[in-house]
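Worksheet: the structure to be examined is printed underneath.
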Amino acid sequence: MELKIYKDHHHLSDAAANAIIELLKNKPDAVVCLASGETPRLTCRLFVEKALQQKTDTRLFTFIGLDEWVGIPPSNDGSCHYFFQQELIQPLGISSGQVYLFDALSKDPEEECRKMDKTILDKGGIDLVIVGIGMNGHIGFNEPGVSFENYSHVINLDETTITVGQKYFKTATTLQKGITLGLKHLQQSKKVLLLANGAKKAGVIQKTVEGRVGNDFPASIMQTLDQGFVMVDEEAASLLGQRK
Ligand code: F6R
């Protein structure tokens, strides 16, 4: 794992956006997976801006959504689906055949998981995955206690996720389960970027980078990934002892 510290959220997001652009230049049919949420929103916007400016070919890559709130329809502006539509799919005109998102309304969520795992396998694996980190150390909806060996799965959301998750919704919303790629996918991805910004993420970044590796704090898995980069701004890095 490598730690990279940037001046602020903008510089961090710029670097993450460049990573997607570079990948698509070298491998136009790459498989890219992104989280939604506050952290990667600017990365998405900068990626779209750069891709349009530089006329990057975005017709061949495969886009995979990291996770979704079970039971929340895509029309709900708090859903991950809605985020991806607004921030990536519509602005870049990405065709539906390139996009794989969990159907949170599926009658058979387990089947959704198997479909997603098969898609990833059939496409030769994920080239680049960009994730955020929750206030409980989750990645995607890999909540504390999750197995590092999981592929896609449905999971009961942790209390912290249910409470913090309200920030995405205009009105109080019942959140119970998530559907998510697993940490095994992260381990098998060719490159993993974990982004965090702001002072409120300083504690979880310290645990991610300097804490004991274990499934009670899923993001600690980053320490085990040779292809993993923890990319943070100065505020999120402020509790790191190793910072020079
Ligand atoms: C969302 C996701 C979550 C978020 C995390 C941080 O798709 O996978 O794990 O990345 O909860 O959320 P923000 O960026 O809103 O602080």
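Rounded to the nearest 20 Debye, what is the dipole magnitude of the stretch 154-239 about its Cα centre when Lys and Arg each give +1 and Asp and Glu each give -1 at the C-beta?
Its charge dipole is roughly 300 debye.
Using alpha carbon coordinates only, what is the Rg to Rh ratio of the stretch 114-244, with Rh defined as the Kirkwood radius?
Values: Rg = 14.9 Å, Rh = 15.3 Å.
Across the stretch 114-244, the Cα-based Rg/Rh ratio is 0.97.
Could you put LEU194, LEU23 in order, starting from the residue whose Cβ has the fewest other Cβ atoms within 10 Å? Could you put the intermediate results ahead of the total?
On the way: LEU194 26, LEU23 19.
Placing the least packed residue first, the sequence is LEU23, LEU194.
With the Cα gyration tensor of the stretch 1-109 in hand, give its eigenvalues times 5 under a square root as the equivalent ellipsoid semi-axes, listed largest first in whole angstrom. Display every interim value, and only then the final one.
Working: eigenvalues 114, 60, 32 Å².
Sorted largest first and rounded, they come to 24, 17, 13 Å.
Please build a GNM for the chain, connecting alpha carbons under 10 Å apart, and tell me which residue among GLY214, GLY178, GLY78 fluctuates the most.
Between GLY214, GLY178, GLY78, it is GLY214 that shows the largest mean-square fluctuation.
If I histogram all Cα-Cα distances within the chain using bins 5 Å wide from 0, what percent of pairs lands in each bin?
Taking all Cα pairs of the chain, the binned fractions are 1, 7, 15, 20, 21, 18, 12, 5, 1, 0, 0 percent.
Take the alpha carbon gyration tensor of the stretch 82-175, find the square roots of its eigenvalues, order them as a ≥ b ≥ c, and report rounded if a/c is under 1.5; if not, report prolate when a/b exceeds b/c, else oblate. Kindly include the intermediate steps, with their values, before the conclusion.
Details: a/c = 1.62, a/b = 1.20, b/c = 1.36.
Because a/c hits 1.5 or more and a/b fails to exceed b/c, the stretch 82-175 counts as oblate.
Taking R0 as 25 Å, what FRET efficiency do you get between ILE162 and LEU105 from their Cβ-Cβ distance, rounded to the nearest 0.05? Show your work: numbers first, answer last.
Working: r = 19 Å, r/R0 = 0.76.
Step by step, r from the Cβ atoms, then E = 0.85.
Which entries of LYS50/LYS123; LYS25/LYS184; LYS115/LYS184; LYS27/LYS191; LYS167/LYS200; LYS107/LYS167 have Cα-Cα distances beyond 19 Å here? Don't jump to the answer; show the numbers that get you there.
Values: LYS50/LYS123 25 Å; LYS25/LYS184 27 Å; LYS115/LYS184 16 Å; LYS27/LYS191 13 Å; LYS167/LYS200 14 Å; LYS107/LYS167 27 Å.
Exceeds cut-off: LYS50/LYS123; LYS25/LYS184; LYS107/LYS167.
To the nearest 0.05, what FRET efficiency results for GLN86 and LYS4 with a Förster distance of 25 Å applied to their C-beta separation? Write out the running numbers ahead of the final one.
On the way: r = 27 Å, r/R0 = 1.10.
Calculated value: 0.35.
None of the figures in this text is laboratory data; all of them are computed from the coordinates on show. Since the structure is predicted, the reported quantities are computational estimates derived from the model, not experimental observations. All Cβ positions, even for glycine, are placed from backbone atoms using ideal geometry, and neighbour counts span all protein chains on display.
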